[in-house]
Ligand SMILES: Cc1cc2nc3c(=O)[nH]c(=O)nc-3n(C[C@H](O)[C@H](O)[C@H](O)COP(=O)(O)OP(=O)(O)OC[C@H]3O[C@@H](n4cnc5c(N)ncnc54)[C@H](O)[C@@H]3O)c2cc1C
Ligand SMILES: NC(=O)c1ccc[n+]([C@@H]2O[C@H](COP(=O)([O-])OP(=O)(O)OC[C@H]3O[C@@H](n4cnc5c(N)ncnc54)[C@H](OP(=O)(O)O)[C@@H]3O)[C@@H](O)[C@H]2O)c1
């Protein structure tokens, strides 16, 4: 069992109904690698309900978590009900190997996500590591509706700050919106739109691909990437794909 630390909610940012970022002050939580997750817990009587959440903030800051309300879920309705000043518990130590340290070097880094799977990339992009180690970074974020596209302003700032080196590609599946691509991410890879917008090729020889979020997207992408000879990266058998499955 993890050792639990006391944490206070210092900010609750609501992006749209049910989609929110909790910022918590938890001074006793140990440092972590961007991309890792922490367990969050809320007590319900004498029962503690806990789930893993990617940290969306870099080490050293208050901890940020980007969360979606799963209506019939056990924990997220409780997290959604929290307000500034409320307290929760956070595990003392982060876990997981979905980090740039465990990812292979390459020319182009593809950070591909659906929904709240964007969270670990926000943590990574706020550190020097991706900017020092990859020539080009493409963030791909798939969501149902335009209102689900969180952290846009921050990523557009990166686009301005790193012209030609950073590209944000948002893709909507349940709404058509001028200036935003329509369709699921694997289909956009297959029809060439992803690479065209990114102005970068996605090949085994030049790319590292991180995948995070909906497990069906991970499976579909792994299959499509496999057709291009990209394979899962393992310490004993290097490849190009690193993934984090949310459920
Ligand atoms: C390593 C890891 C990191 C994670 N990081 C995040 C994160 O940063 N933000 C986040 O919102 N969730 C994250 N999750 C998912 C999270 O742990 C919970 O599963 C989720 O919040 C639902 O909890 P619940 O108790 O409300 O639902 P439960 O009662 O546990 O019901 C779980 C069901 O909800 C659905 N579900 C779970 N997560 C999601 C999701 N994000 N989007 C859509 N449907 C989902 C699935 O159908 C799943 O079977 C992560 C999971 C893992 C394994
Ligand atoms: N605003 C919100 O986001 C919000 C608010 C409150 C509650 N919720 C609830 O939270 C839960 C999760 O919703 P979510 O929208 O965050 O996550 P999601 O269901 O995982 O959808 C996120 C994106 O992933 C896409 N996707 C699904 N399967 C895919 C595949 N095989 N390949 C590529 N892309 C794929 C979806 O496309 P499709 O549209 O084609 O499925 C959608 O664009 C749901 O129960 C929802 O009702 C969401």
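None of the figures in this text is laboratory data; all of them are computed from the coordinates on show. These numbers were taken from a predicted model, which means no experiment stands behind them. Positions of Cβ are generated from backbone atoms using ideal geometry, with glycine treated the same way; all protein chains shown enter the neighbour counts.
Bridge orientation summary for the chain: considering DSSP beta bridges with both residues in this region, about 55 percent are antiparallel.
Each listed q (0.23 Å⁻¹) maps to a log10 I(q)/I(0) for segment 4-91, found by the Debye formula over equal Cα scatterers with no solvent: -1.23.
Using the Cβ-Cβ distance between residue 105 and residue 180 with R0 set to 45 Å, the FRET efficiency from 1/(1 + (r/R0)^6) comes to roughly 0.90. Exposure proxy ranking for 44, 86, 220, based on other Cβ atoms within 10 angstrom of each Cβ and starting from the fewest, stands as 44, 86, 220.
Among 181, 70, 42, the largest mean-square fluctuation in a Gaussian network model of the chain, built with springs joining Cα atoms closer than 10 Å, belongs to 70. Across segment 6-49 the C-alpha pair distances fall into 5 Å bins from zero in the proportions 5, 15, 18, 26, 23, 10, 2 percent. Taking 0.36 nm per residue of separation and subtracting the current Cα-Cα distance, fully stretching the chain between residue 86 and residue 128 would add 11.9 nm. Taking a ≥ b ≥ c as the square roots of the eigenvalues of the Cα gyration tensor, an a/c ratio of 1.5 or more together with a/b no larger than b/c marks segment 195-247 as oblate. The relative contact order of segment 108-245, computed from alpha carbon pairs under 8 Å that lie at least 6 residues apart in sequence, is 26 percent. Got a sec? Which residues in segment 176-217 would a label at residue 229 touch, if it sits 7 Å along Cα→Cβ and we count backbone N under 13 Å? From segment 176-217, the list is 203-207.
Counted over all Cα-Cα pairs of the chain, pairs farther apart than 23 Å make up 49 percent.
Of 62, 50, 191, the residue with the greatest mean-square motion in the GNM of the chain, using alpha carbon springs below 10 Å, is 191. Summary of packing: across the peptides 27-37, 74-84, 134-144, the per-residue average of other C-beta atoms within 10 Å ranks them, highest first, as 134-144, 27-37, 74-84. Between the Cα long axis of helix 152-161 and the first principal axis of the chain there is an angle of about 50°, rounded to the nearest 10.
Helix 215-226 versus the longest principal axis of the chain: what is the Cα-based angle in degrees, 0 to 90, to the nearest 10? Between the helix axis and the principal axis of the chain, the angle is about 20 degrees.
Stretched out straight at 0.36 nm per residue, the stretch from residue 95 to residue 70 would grow longer than its current Cα-Cα span by 6.7 nm. By the Stokes-Einstein formula, at 1.567 mPa s and 4 °C, segment 152-247 with its Kirkwood radius over alpha-carbon pairs has D equal to 88 µm²/s. Only Cα pairs under 8 Å and 6+ residues apart enter the sum, and on that basis the relative contact order of the chain stands at 18 percent. Given the options 105, 119, 91, which has the most mean-square fluctuation in a GNM of the chain, springs set between C-alpha atoms less than 10 angstrom apart? Between 105, 119, 91, it is 105 that shows the largest mean-square fluctuation.
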